[in-house]
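Input: a single structure, listed below in structure tokens.
The values are calculated or read from the model by the stated rules, or taken from the named source; none is laboratory data. Everything numeric in this text was worked out from a predicted model, so none of it was measured. So basically every Cβ, Gly included, is an ideal-geometry build from the backbone, and we count neighbours across all protein chains shown.
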Amino acid sequence: MKLGVVLFPGSNCDADAMHVATLLKVSAVELWHKDRDLRGCDVVILPGGFSYGDYLRCGAIAKFSPIMDEVARHAKKGGRVIGICNGFQILTEAGLVPGTLLRNRSLKFICQEVELVVASNQSPWLSKLQPGATLRMPIAHAEGNFFADEQTLERLEGEGQVAFRYRDNPNGAAHDIAGVTNEAGNVLGMMPHPERACEAALGSSDGLKLFESMLA
């Protein structure tokens with residue numbers, strides 16, 4: 001198993017994602033946003049940060065990076081992809097997961113620990129989790145307010161594509177949604193940071209369960 005972490009100008013959670021690979025004892029490489037080759041990676045992580053300074057809209061410029069064509073092809077073939085925080089925003093802009101992320105209801109940047117409720121385990125990223133289980137992870141975002149039209153929300157709910165909900169909604173997200181998958185389940189986008197919750201010394205190791213599910 002080989003894990004690739006994509007770096008965009010402004011990424012700042014890439015080192016955390018690379019560290020997860022050492023905990024999982026898998027090989028990992030950094031992929032620059034101008035690369036046109038995933039270098040044999042089985043799993044791709046789009047990490048958090050402020051790609052291109054979040055100008056225009058979060059993730060709106062990053063979706064045009066050459067690497068995203070390869071990520072889209074990888075996903076279409078069933079390859080596993082996770083977008084975390086800014087990575088989730090990039091996934092929505094690229095159309096790899098449904099919905100969009102708006103400014104937080106408070107119009108302020110939020111940095112705190114939250115409780116997540118597992119809504120589904122149909123995705124490979126969630127296979128070791130039990131629906132209804134509670135996980136603790138940090139969030140750090142200004143635009144984490146998940147939005148989709150009612151028809152899309154009904155489809156997400158009906159098809160089991162809602163991955164996580166906030167127990168106490170911090171940002172106004174529709175249906176308390178903290179993360180969603182694509183229809184096939186191999187692509188996961190989420191605002192909370194599982195890579196920052198992979199060791200007890202950090203306050204929670206719940207995030208490691210996602211990556212262990214991916215390996216399984």
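Under 6 Å between Cβ atoms, which residue pairs at least 6 apart in sequence (or on different chains) link something in segment 93-112 that is in a helix (DSSP H, G or I) with a partner that is at pLDDT below 95 and of a type in the set (Gly, Ala, Ser)?
none
If you scan segment 26-77, which residues turn out to be farther than 13 Å from LEU3 by Cβ and of a type in the set (A, V, I, L, M)?
LEU56, ALA60, ILE61, ALA62, ILE67, MET68, VAL71, ALA72, ALA75 - these are the residues of segment 26-77 that are farther than 13 Å from LEU3 by Cβ and of a type in the set (A, V, I, L, M).
Residue by residue through segment 65-86, note down the ones that are farther than 15 Å from MET190 by Cβ, crowded, with 18+ Cβ neighbours inside 10 Å and not small (Gly, Ala, Ser).
Within segment 65-86, ILE67, MET68, GLU70, VAL71, HIS74 qualify.
Sort through ASP176, ASP168, ASP206 and tell me the only one that's modelled with pLDDT of 95 or more and under 17 Å from THR100 (Cα atoms).
Only one candidate qualifies: ASP176.
Can you give me the number of residues within segment 23-67 that are on the phi < 0 side of the Ramachandran plot and among the small types (Gly, Ala, Ser)?
Within segment 23-67, residues that are on the phi < 0 side of the Ramachandran plot and among the small types (Gly, Ala, Ser) number 7.
Give the residues of segment 131-168 that are under 17 Å from VAL118 (Cα atoms), among the polar types (S, T, N, Q) and surrounded by fewer than 17 Cβ atoms within 10 Å (Cβ to Cβ), sorted by residue number.
Passing the criteria: only THR134.
Under 9 Å between Cβ atoms, which residue pairs at least 6 apart in sequence (or on different chains) link something in segment 152-173 that is within 16 Å of ALA140 (Cα to Cα) with a partner that is basic (Lys, Arg) and part of a loop (DSSP other than H, G, I, E, B)?
Once the first residue is within 16 Å of ALA140 (Cα to Cα) and sits in segment 152-173, its partners that are basic (Lys, Arg) and part of a loop (DSSP other than H, G, I, E, B) give ASN169/ARG105; PRO170/ARG105; ASN171/ARG103; ASN171/ARG105; GLY172/ARG103; GLY172/ARG105; ALA173/ARG105.
When you scan segment 26-40, how many residues do you find that are more than 19 Å from LYS63 (Cβ to Cβ), in a loop (DSSP other than H, G, I, E, B) and not charged (D, E, K, R)? If you could, list the steps in order and put the result at the bottom.
Here is the first cut: in segment 26-40, the ones more than 19 Å from LYS63 (Cβ to Cβ) are 26-30, 39-40.
Adding the requirement that they be in a loop (DSSP other than H, G, I, E, B) leaves 26, 39-40.
Subset that is not charged (D, E, K, R): 26, 40.
Counting residues in segment 26-40 that are more than 19 Å from LYS63 (Cβ to Cβ), in a loop (DSSP other than H, G, I, E, B) and not charged (D, E, K, R) gives 2.
Please go through (1) touching a residue at least 24 places away in the same chain (Cβ under 8 Å); (2) exposed (fewer than 15 other Cβ atoms within 10 Å of the Cβ) for GLN89 and return the number of the only condition it doesn't satisfy.
Looking at each condition in turn, GLN89 falls short on (2).
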